[in-house]
Amino acid sequence: MLSAIVEDYLKAIYYLQNETDGRVRTSALAEYMDVEQSTVTSMMKKLSERNFVHYEPYQGVKLTDTGVPIALEIIRHHRLLERYLTDHLEYDWAEVHDEADRLEHHISSQFADRIAEQLEDPAVDPHGDPIPTADLDVSGAKYEDTLADHQVGDSVRIERVPDKDPALLRYLSEHGIHPGTVVDVVETTSFGMVTLDPDSGDEPVALPDEVARSVSTRSLTKGAN
Ligand SMILES: [Zn+2]
């Protein structure tokens, strides 16, 4: 079994290379992992010796064909655990990310498969992130736009929210915003604030630009403009 820290690095590189569609800078990785760049550099040398990453000094890093499935397996564990904790152990969705971060390294793939079976193969975790299948397939997992891309009058479905900030998750759920919620965009401002009117009848909620850009959506109908 690999150490938790190795698995965390591979997972972080996977996320970052998906965001950038290419090589990940060691500075970006250092920031993501909250460590010094020298720590990242020496870790990259080790991971490259084990053929988990392609690493060239000053060119950044990328997972190899050996590294990708290791990252996806851990992500599968994480997202299945989050689903299980919320659906069966009555955890709040704001609490499950940290718990899953700890547990993901300690369950076998067989255990993950049992959770998936018990939950009837859920497609997404509580935050709307797609759960890799047992074959580690994540196709069809890209969301095209975010709340920041819509106009007043658009009707949109929330698909995914960021999972790491418990305070934000509590705020969103207090205002009835979850993956699957349908909202109308009722106001946008030049500084990026977006106000939403949930179809559920909950009160309108205003979200700052940074949050709006991190919430993935799907367009239902366009407004008049
Ligand atoms: Zn999570």
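The values are calculated or read from the model by the stated rules, or taken from the named source; none is laboratory data. Everything numeric here is computed off the predicted structure, so don't read it as measured data. Please note: Cβ atoms are built from the backbone with ideal geometry, for glycine as well, and neighbour counts cover all protein chains shown. All accessible areas refer to the heavy atoms of the entire protein, side chains included, with ligands and DNA or RNA removed. Shrake-Rupley method; radii C 1.70, N 1.55, O 1.52, S 1.80 Å.
At a glance:
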read-out	value
Hey, residue 152 away from the ligand (no atom under 16 Å from the Cβ), over 20 Å from the mean Cα position of the chain (by Cα) and outside any loop (DSSP other than H, G, I, E, B) or not	no
Residues (over 25 Å from the mean Cα position of the chain (by Cα) and surrounded by 15 or more Cβ atoms within 10 Å (Cβ to Cβ)) located in the range 189-225	202
All positions within the range 13-38 that are open to solvent by 60 Å² or more (accessible area, probe 1.4 Å) and part of a helix (DSSP H, G or I)	18, 19, 20, 31, 32, 37, 38
Tally, over the range 1-43, of residues that are within 19 Å of residue 73 (Cα to Cα) and hydroxyl-bearing (Ser, Thr, Tyr)	4
Selection status of residue 125, open to solvent by less than 20 Å² (accessible area, probe 1.4 Å), touching a strand residue (DSSP E or B) at 6+ places or on another chain (Cβ under 7 Å) and within 16 Å of the ligand (Cβ to nearest atom)	no
Residue list for the range 77-106, restricted to those being in a helix (DSSP H, G or I), closer than 24 Å to residue 1 by Cα and away from the ligand (no atom under 12 Å from the Cβ)	84
Given (1) among the polar types (S, T, N, Q); (2) modelled with pLDDT under 90; (3) more than 16 Å from the chain's Cα centre (by Cα), index of the condition residue 139 fails	(3)
Top-ranked residue in the range 43-71 [being in a loop (DSSP other than H, G, I, E, B) and either over 23 Å from residue 133 (Cα atoms) or touching a Ser or Thr at 6+ places or on another chain (Cβ under 7 Å) (or both); ranked as most open to solvent (accessible area, probe 1.4 Å)]	58
Pairs, first modelled with pLDDT of 95 or more in the range 97-122, second open to solvent by 30 Å² or more (accessible area, probe 1.4 Å) and more than 16 Å from the ligand (Cβ to nearest atom), C-beta under 7 Å, six or more apart	113/134; 116/134
